[in-house]
Each structure stands twice: as structure tokens, then as C-alpha cells.
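One structure is given here, and the rest of the page talks about it.
The values are calculated or read from the model by the stated rules, or taken from the named source; none is laboratory data. Every value quoted in this text rests on a predicted model; they were computed, and no experiment measured them. Neighbour counts run over all protein chains shown; Cβ positions are idealised from the backbone, glycine included.
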Amino acid sequence: MTPAEAPPPELVALRDAHVVHKARTGGVFSRDKVYALTGADLTIAPGETVGVVGESGCGKSTLAQVLVGIQRPTAGTVEYRGRDLWRMTPPERRTTIGSDTAMIFQDPSTALNRRLPVRQILRDPLDVHRRGKPAQREERVRELMSLVGLPTALADGLPGQLSGGQRQRVAIARALALEPELVVADEPTSALDVSVRAQILNLLLDLKERLGLALVFVSHDIQTVRRMSDRVITMYLGRIVEEAPAADILDQARHPYTRALFSATPGLLDPIDPIPLVGPVPSATRPPSGCPFRTRCWKADDACAAAMPDTTEEGSAHRFRCHHPVPAGETTRDLVSQSTEASQPASTATAAATATSKEAP
Ligand SMILES: Nc1ncnc2c1ncn2[C@@H]1O[C@H](COP(=O)(O)OP(=O)(O)OP(=O)(O)O)[C@@H](O)[C@H]1O
């Protein structure tokens, strides 16, 4: 970027990002390609909250890890403020990954070093990145504990002596230690007791507002994603198939899969039956040709098998990839009856969604 060029408005951008793993599937020498992420295009603006939804194995965690540099895409780019993360010098990349971004994992019991007291867990990133003098680091540790609502009396406690909710607060405090601009939370409450989930979600929302963080929130809990996010990304078999403002996702989603997923979320559209989907999600080692959702979609035809649909943009914040999108204004109730007639035999999206749900109470 030349000095005359303005920096891009987005904080992070994925451009045609792919992640392909090689997995042992049969004998010792048999390796299959697993298409964990395919052609992901996504931008995240400063201060925005983006929710990521989709059935188990659709690539949510892979997307999250690519965003924060934990995984390197096998093709495509990840850009921070317009600069390709994987073309930075190693020290620049370490600084970007280490201090501009942070990740909060599902299970704080495994994410925290069990042998270190809370004080040291929070000091570690400050020490590694040489932030301030020792006294300032101690002060920052106290500040972080207060930010996440942990009494300073717990500073000498080990993770094993804390409750699950307190441990996740420590993990959040550690993630914030270096004042990141982007925090990615991958199922941050699914390992916690139901009683403390709301507290942790409210804490994340509060911190996001106070600190102006961009937050990417991955969850099976569609209701929570909708409530917390500005924008929702729907993934299916490694692909982003739709992104839409959270306020529109329920009634104005255009991708049939997004409608099916949301129709199957208990309490969201009651009292209606979910949109029935045919069969299981195909294997990520052998995704179908064309649109990956076509094998379960009641609207699919030859065009869907022939090619992946291009992206359609509606307004500045709604994009989807479908040859036969749900017509604007069509209700989900109408869709249920259409899809029920077309799907023979029908297995319900509820079965798929609830069977994979980690957060269902
Ligand atoms: N290291 C790996 N080696 C082989 N395959 C992998 C690896 N990591 C992920 N995968 C596969 O890539 C696909 C996407 O996985 P990912 O964990 O991103 O999905 P997910 O949507 O986060 O799933 P879940 O909701 O169950 O956590 C899956 O098919 C998964 O089995």
C-alpha cells in the first residue's frame, strides 16, 4: 500500500480462502483430502460482531482459526488492514497474531495452563510481548481481573480451584491482555453450566461495547448468535453460503439452508414444523459437485449439480450463493409446506440440528 492510499475500511478480510487437510481414512498409506474451508470471502469491520452458524463439521472452527492466524489457509489470503498476514515478516506476523487478535476457546479447563496461578496466566502475554515495566504489568493484571469481574483475591489461585465460569473469565481476560482489535470466540459457553452461560455472553457483549472490539462468535446456539451479532454467516460443508444482517436472518434469508437451519431452532418460529431436509450432510472428503447443499435441497435441479452458484449481493450487507434462492417476502411457513411435498423421504432439519447441538440446554 502506498502512503497515498487510504487503509481499507475492514479490519480483517479473507479472500478466496481454502483449507484442505490430508486425513488418514483407510490403511497406513491411504490419505484423503478433507475440504474444511472452500473459497471463503469475508470481511470484518472494526467493532462489528459477526456470528457463524452451521451444522457440526461445516468449517466454523476452521474459519475462526484462519481468521486469527492459528491455521494457515492452503490457498487464498487473510489480510489485516489490507496486509497479507502470511506475507508479513515472521516478527510482524507474530505481533499481529499475538497482539492484534485473540481467541477464546470452548473449554477453559484445557485452554489454561493448570500449573500457573491466574496472575501468571495474565502476565504471560505481557511478558512475552514486553508490554511496560514489571510494575505496570502487575497493574495491568489487576485491571484485567476487574474488567472481567474477577476478585483480585483470586490472583494466586490455580485454574483448578476456580469455577468453570471463573476460568472462562480468566481466559477472556488473557485474550484481552494485549488490547486486541479482533476477538474470535469459538463456542465460548458450550462447556459451561447453563446457569453461567448468560453471564459470560453478557460479559462478552459488554466488553465488546466498552473496548470497541470486533467479535467473531461461533456457536451452535442459533438464538444466541442472532441476539449477539450484527451479521450472521451461514456455513455449509466448508462454504459460506449466506451472510445477512442478524435482524433479517430469520424472515429474509434467501438461502434455503439458512431457512432450514433457523426453522429447526426450537422456540424461534414456534409453532411450525421445521423444513424437512433429505438425508445426512455429505462427507467433507467428497463434497458434491456444484452447490454442496444440493443433495439435501428441495429446490435442487441440474443447474445446482453443474456449478457452484455465484454470489448475489442484496444491499451492502446481504450476500448469498444459490441458484434458486427463496423469493423475497416468502414466509418460512410457506416454505415448510413446499419443501415437505418435495422431500421424499424426509428427515428433518431438527434431527440434524439437535443431533449436533452442543449447546442445547
Ligand atoms: N486436522 C484435521 N485433519 C483432518 N480433518 C480435519 C482437521 N480439522 C478439521 N477437519 C475436518 O474439517 C471439517 C471442518 O471442521 P471444523 O472443526 O472446522 O468444523 P466445525 O463446524 O467447527 O465443527 P463442530 O461444530 O463440530 O466443531 C470437518 O469435516 C473436520 O472433520
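Take the conditions more than 15 Å from the ligand (Cβ to nearest atom) and either among the small types (Gly, Ala, Ser) or at pLDDT below 95 (or both) and apply them to ALA4. Does it pass? Yes; evaluated as a whole, the condition is true for this residue. Of the helices (runs of 4 or more DSSP H) contained entirely in region 252-361, those carrying at least 2 residues that are more than 16 Å from the ligand (Cβ to nearest atom), in contact with a Pro (Cβ under 8 Å, 6 or more places away or on another chain) and modelled with pLDDT under 80 fall at 332-342.
Criterion first (assigned by the TED database to the domain that holds PRO108, out of contact with any Gly (no Cβ under 8 Å at 6 or more places or on another chain) and farther than 24 Å from GLU138 by Cα) does ALA185 satisfy it?
Criteria met by ALA185.
Surrounded by fewer than 19 Cβ atoms within 10 Å (Cβ to Cβ) and among the hydroxyl-bearing types (Ser, Thr, Tyr): does that describe SER229?
Values: surrounded by fewer than 19 Cβ atoms within 10 Å (Cβ to Cβ): no; among the hydroxyl-bearing types (Ser, Thr, Tyr): yes.
So SER229 fails the test.
Considered as a group, the residues in region 98-118 that are under 22 Å from LEU211 (Cα atoms) and among the hydroxyl-bearing types (Ser, Thr, Tyr) include one that is surrounded by the most Cβ atoms within 10 Å (Cβ to Cβ), and that residue is THR101. Among the residues of region 218-228, the one identified as in contact with a Pro (Cβ under 9 Å, 6 or more places away or on another chain) and either away from the ligand (no atom under 13 Å from the Cβ) or part of a helix (DSSP H, G or I) (or both) is GLN223.
Matching residues to (1) buried (at least 21 other Cβ atoms within 10 Å of the Cβ); (2) at pLDDT 95 or above:
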| residue | (1), (2) |
| --- | --- |
| GLN120 | no, yes |
| ARG131 | no, no |
| PRO134 | no, no |
| VAL148 | yes, yes |
| ASP156 | no, yes |
| GLY164 | no, no |
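Output yes when any residue across region 200-215 is surrounded by 17 or more Cβ atoms within 10 Å (Cβ to Cβ), within 16 Å of the ligand (Cβ to nearest atom), closer than 12 Å to GLY51 by Cβ and at pLDDT 95 or above, and no when none is.
For region 200-215, residues surrounded by 17 or more Cβ atoms within 10 Å (Cβ to Cβ), within 16 Å of the ligand (Cβ to nearest atom), closer than 12 Å to GLY51 by Cβ and at pLDDT 95 or above: absent.
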